[in-house]
Amino acid sequence: MTPIRKTFQYGDQTVTLETGEIARQADGAVLINVDDTVVLCTVVVDKRATEPKDFLPLTVDYQEKTYAAGRIPGGFFRREGRPSEGEILTSRLIDRPIRPLFADGFGREIQIIATVKSLNPAVNPDVPALLGVSAALAISGAPFNGPIGAARVGYKNGEYILNPAVTGLGPDSDLDLVVAGTEGAVLMVESEARALTEEVMLGAVLFGHEQMQVAIQAIRELAAEVGKPPLPFAPPEPEPALDDAVSAFTGRITEAYAIKEKMDRHAALDAIRKEIFEQLAGDGEDRWPQPKVYGAVEKLEKTIVRGAIIDGRPRIDGRDTKTVRPIYIRTGVLPRTHGSALFTRGETQALVITTLGTERDSQIIDALEGERREPFMLHYNFPPFCVGELGRVGSPKRREIGHGRLAKRGILAAMPAPDEFPYSIRVVSEITESNGSSSMASVCGTSLSLMDAGVPVKAPVAGVAMGLIKEGDRFAVLTDIMGDEDHLGDMDFKVAGPADGINALQMDIKIEGITKEIMETALEQAKAGRLHILGEMNKVISAHRVEMSDYAPRIIELKIHPEKIRDVIGKGGATIRSITEETGATIDINDDGVVKIFSVQRSAGEEAKKRIRLITADVEVGKIYEGKVVRLMDFGAFVTILPGRDGLVHISQICEERVQAVSDKLKEGDVVRVKVLEVDKQGRIRLSMKAIAEDESRQATE
């Protein structure tokens, strides 16, 4: 039960890797502690030997336990429920850099679970989880070509910050970037920035990769001390005879990949593949198992497509490496929504809709560190019809959540501050066609839809996806990749931002890393592609609309004295409820006296504002008011001059001539003009009708 520990300094943080005491029946288990943020990372590999597969059966689950932050879960059951969006995004963050490093053909199922056991709010658990999983894999004996390291990088005042205490964009940093990689190359980047230049973003990636080497070295030392023997695994043997048999179809496959339209191309390729399987797959002499035939066909397709691009020939749809597909844009597509846009780039299309709401419509996030409100939501949907397939429609999958978050990162830095535009905003990107980079189409469509809704974004934002074909020392970077190029290529590199910088950068590498030269080329081409797309967008709409949709809500904001809040609310909420019912407006009041009036029609909001102003106004001595007689007494009449404020007109102050009874001159419900004579220390108001007549007579004489 004696644990083995390895401790190292990682910037300002102290990291401890521990194994041998907890979860000893897992193939690999590491408890990582980073300044009191503790994550248990386990790896289990299926013990049964299996045939080589054409995919890696890897599952990564990151989970947060509320006890880690000293909290009890909300809800009826008082236990954790389904994974939150944050947990799903971190699961993807761990999966992406480790997946390419497993040996080709390894077919055993692998399950990785990372569980947050203790939380220091100053240390986000995602990077510790990545490091812990890397260490657990390194000691598990699985055929993993690691270890990998990971680092979070911030940027402020021209300097990079390693593992900043507070994550996200804010006064402490203009950049939130997570980079993961091996000793020799970068594998994954996920970032959110505030319109930083390409040079700054590249520098951040290289800085993070340099700093993570201390973590990689510590994991190597731990593996050397306690690592298990490698699992028995023999890579699949080459099948020269099968490759020769499949190569007979080279000409036909080459012709099929020359078809520019996606659906026609896929139909032609499916027909060829079916014929190959019928001829070569099955039992018997000169036949092979279908998975092997599938692998040989895919290998040939990669050789054909990649070879053409490396040799400088046109891409599948006839473009060169730097050209963006044709773009078509339309705004105001849906008549009753608050804002909408249709963005089409080649065979990828996003219909993006914006909805405006009040502060109470913001999303309540019950995160590990506590509850918060999120006023800007961006949701991405990928229905099966967008790729011409059948499929189930239900709750969003991990991919949809990840793509939606990437699009949100791209647009977030351009959003107005809440005090400038006090609406909650929900954007939904419905992918209606897909052939590559639907997340970047969502960025473009979101920018257009927000401007169509009248949201004062700081600048239009566009996104573009880059690809890579690398053979030896030769490589080609592809602008605006298609689905087939993504599948057959080596990199998915997505960049989003306004004309003057980058807001979001995401990079996934399918090979064992890329060089600084490749990243520089990709960023340079991405900038040119982004500027081209922005130019096309600006031809349709380049700034937010001055007038919002007739169906969009209006928000009127005013400030009252906090002591007046109870007057606006009234006893048991009666006053504010009556204003809401009679005007149709919704009213929110915070403890500081900030009143937000929400209405579909501006006139309703203005009427509610007027009533609140009257309720909170102070009675001024000497001022003339128009009020309603609400009660008659023997000695005078009570008149309401402001909501909730009644004053007394004594019988002697009703008119110039003497009256025997108040009812001789007034009755309940009469609207009269009165002058305030006095407000005493108890707040009692003395009014006069007679004084108005006297003032008017004196003025006439003068």
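The values are calculated or read from the model by the stated rules, or taken from the named source; none is laboratory data. Every value quoted in this text rests on a predicted model; they were computed, and no experiment measured them. Heads up, the Cβs are rebuilt from the backbone with ideal geometry, glycines too, and the neighbour counts pull from every protein chain shown. Please note that ligands, DNA and RNA were not included when accessible areas were found on the heavy atoms of the full protein model with its side chains. Shrake-Rupley method; radii C 1.70, N 1.55, O 1.52, S 1.80 Å.
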request  = Could you sort 30-38, 567-575, 387-395 so that the peptide with the highest average Cβ count within 10 Å comes first and the rest follow in order?
outcome  = 30-38, 567-575, 387-395
message = In whole Å, what are the extents of the stretch 446-555 along the principal axes defined by its C-alpha atoms, from largest to smallest?
response = 58, 24, 22
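I want the local charge near L101. Using Cβ-Cβ distances under 13 Å, sum +1 for each Lys or Arg and -1 for each Asp or Glu among the other residues.
Numbers: positive: R96, R99, K510; negative: D95, D104, E183, D508, E512.
Once all neighbours under 13 Å are counted, the net charge is -2.
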task = Could you list, in their original order, any pairs among K470/K494; K65/K596; K260/K516; K292/K510 whose Cα atoms are separated by more than 28 Å?
result = K65/K596; K260/K516
note = With the 8 Å Cα cutoff and a minimum separation of six or more residues, the chain has a relative contact order in percent of 9 percent
remark   = Sorting R611, R658 on solvent-accessible surface, 1.4 Å probe, most exposed first, gives R658, R611
Long-range amide H partners of A367 with built H, under 5 Å = R372
inquiry  = Only four residue types carry charge here, +1 at the Cβ of Lys and Arg and -1 at the Cβ of Asp and Glu. Report the dipole size of the chain about the Cα centre in Debye, rounded to the nearest 20.
reply    = 1720 debye
ask   = So how much slack lies between R698 and E620, counting 0.36 nm per residue of separation and subtracting their Cα-Cα distance, in nm?
value = 25.9 nm
key: Surface accessible to a 1.4 Å probe, per residue, for the residues of the stretch 591-702, Å²   = 62 Å²
key: Two-site label geometry, K274 and E581: point separation in nm, points 7 Å out along Cα→Cβ   = 6.8 nm
request  = Would you check the accessible area of D174, probe 1.4 Å, heavy atoms only, in square angstrom rounded to 10?
outcome  = 40 Å²
key: Alpha-carbon gyration tensor eigenvalues x 5, square-rooted, for the chain, Å   = 66, 31, 22
query = Accessible surface of H487 in the full protein assembly, 1.4 angstrom probe, to the nearest 10 Å²?
reply = 100 Å²
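Mind giving me the FRET efficiency for K397 and S603? R0 is 41 Å, r the Cβ-Cβ distance, nearest 0.05 is fine.
Numbers: r = 45 Å, r/R0 = 1.09.
Efficiency computed from Cβ-Cβ geometry: 0.35.
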task = Keeping every protein chain in place, order Y380, Y67 by accessible area at 1.4 Å, biggest value first, i.e. largest first.
result = Y67, Y380
key: Per residue accessible area of the stretch 51-182, 1.4 Å probe, in Å²   = 41 Å²
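What number do you get for the stretch 173-274 when its Cα radius of gyration is normalised by 2.2 N^0.38 Å, N = residues?
Scaled against compact globular proteins, the figure is 1.82.
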request  = Jot down the radius of gyration and Dmax of the stretch 265-370, Cα atoms only, both in angstrom.
outcome  = 24.0, 71
request  = For the stretch 513-667, just list the percent of Cα-Cα distances falling in each 10 Å bin from zero outward, please.
outcome  = 9, 23, 18, 15, 12, 9, 6, 4, 3, 1, 0
request  = Go ahead and estimate [θ] at 222 nm for the chain from helices alone: -39,500 (n - 2.57) per DSSP H run with n ≥ 4, summed, over the residue count, rounded to 500.
outcome  = -10000 deg cm²/dmol
Accessible area per residue in Å² at 1.4 Å probe, computed on the stretch 364-405 = 64 Å²
message = As I understand it, the dipole of the chain uses +1 on the Cβ of Lys and Arg and -1 on the Cβ of Asp and Glu, about the Cα centre. Which of S578, S424, I556 lies farthest toward its positive end?
response = S578
query = Using 0.36 nm per residue, how much length does the chain from C655 to I364 gain when fully extended, once their Cα-Cα distance is taken away?
reply = 98.7 nm
message = With a cap of 10 neighbouring Cβ atoms within 10 Å, and only residues DSSP puts in a loop, list the GluC sites (Glu not before Pro) found in the stretch 566-647.
response = E620
request  = Using DSSP to define loop residues, name the trypsin sites (Lys or Arg not before Pro) in the stretch 291-371 whose beta-carbon has at most 11 other beta-carbon atoms within 10 Å.
outcome  = R336
query = How many percent of the accessible area of the chain is carbon or sulfur, using a 1.4 Å probe?
reply = 49 percent
In the stretch 49-121, trypsin sites (Lys or Arg not before Pro) in a DSSP loop with at most 14 other beta-carbon atoms within 10 Å = R78, R79
query = Under the Karplus relation 6.51 cos²θ - 1.76 cosθ + 1.60, θ = phi - 60°, what is the ordered set of whole-Hz ³J(HN,Hα) values for the stretch 360-371, x standing for Gly and Pro?
reply = 6, 8, 5, 7, 8, 9, 9, 8, 4, 7, x, 8
Global form of the stretch 9-79, assessed from the alpha-carbon gyration tensor, a/c cut-off 1.5 = oblate
Above-threshold pairs, the threshold being 32 Å between Cα atoms, out of K408/K539; K117/K458; K408/K609 = K117/K458; K408/K609
task = Note down the accessible area of F598, probe 1.4 Å, to the nearest 10 Å².
result = 40 Å²
task = Would you mind getting me the FRET efficiency between R684 and K559? Use the beta-carbon distance for r and R0 = 35 Å, nearest 0.05.
result = 0.80
